[in-house]
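Right, one structure below, let's go through it.
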């Protein structure tokens with residue numbers, strides 16, 4: 001029987017985004033395979049997490065592409081990005097807190113590519129005079145990631161309604177970064 005790697009990763013992501021300590025045998029069961037089969041495809045938890053990282057980066061890249069970050073004004077592009085990122089927000093929230101991905105010294109180059117695109121969006125908003133210039137575009141990028149991750153956990157825990165998530169993130173972030181014309 002052929003194992004659908006994408007299916008296994010999606011099942012792992014669904015479980016790990018709800019409970020980061022989910023055991024490998026539970027992940028295997030959810031994917032409809034044995035633990036031995038899971039280990040043949042992912043030589044341990046670290047390999048599975050790295051594969052999830054690749055999947056998360058790929059999915060977030062697709063969300064960025066769908067958001068058309070270079071079109072229109074930066075605030076509208078940011079709203080589109082928040083909406084497009086919502087389906088992958090849980091995986092991103094899990095990955096952001098997986099220290100093993102960032103402590104080993106070898107950070108996946110995909111993160112830098114994502115950072116560059118988001119930072120460029122914030123920088124464009126600053127250059128167009130729409131976003132505050134006293135906050136660096138790198139900081140705004142980190143704030144964006146933080147809100148996406150926090151929002152995903154809040155929805156998961158039932159503290160925020162999924163239907164309110166995109167609006168809440170966009171309004172909080174844009175309310176804090178819009179440049180005020182008052183002196």
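Here are the numbers for this structure:
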| item | result |
| --- | --- |
| Enumeration of residues in the range 40-65 that are loosely packed, with under 12 Cβ neighbours inside 10 Å and farther than 18 Å from residue 89 by Cα | 40, 43, 44 |
| Residue match in the range 71-82 (condition: farther than 19 Å from residue 176 by Cβ, touching a residue at least 24 places away in the same chain (Cβ under 8 Å) and touching a helix residue (DSSP H, G or I) at 6+ places or on another chain (Cβ under 9 Å)) | no |
| Residue in the range 66-76 that is under 11 Å from the mean Cα position of the chain (by Cα) and either assigned to a helix (DSSP H, G or I) or surrounded by fewer than 16 Cβ atoms within 10 Å (Cβ to Cβ) (or both) present | no |
| Unique residue being more than 19 Å from residue 121 (Cβ to Cβ) and in a helix (DSSP H, G or I) when the list is 153, 139 | 153 |
| Test set (1) out of contact with any strand residue (DSSP E or B) (no Cβ under 8 Å at 6 or more places or on another chain); (2) without any contact (Cβ under 8 Å) to a residue 40 or more places away in the chain - residue 140 fails condition number | (1) |
| Top-ranked residue of the range 155-183 - restricted to ones that are closer than 24 Å to residue 132 by Cβ, at pLDDT 85 or above and more than 18 Å from the chain's Cα centre (by Cα), ranked as surrounded by the fewest Cβ atoms within 10 Å (Cβ to Cβ) | 175 |
| Residue match in the range 103-113 (condition: surrounded by 14 or more Cβ atoms within 10 Å (Cβ to Cβ) and farther than 15 Å from residue 145 by Cα) | yes |
| Residue match in the range 54-65 (condition: closer than 24 Å to residue 146 by Cα, in a helix (DSSP H, G or I) and either in contact (Cβ under 8 Å) with a residue 60 or more places away in the chain or touching a strand residue (DSSP E or B) at 6+ places or on another chain (Cβ under 9 Å) (or both)) | no |
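The values are calculated or read from the model by the stated rules, or taken from the named source; none is laboratory data. Computed from a predicted structure; not experimentally measured. Backbone-built Cβ (ideal geometry, glycine too); neighbour counts: all protein chains shown.
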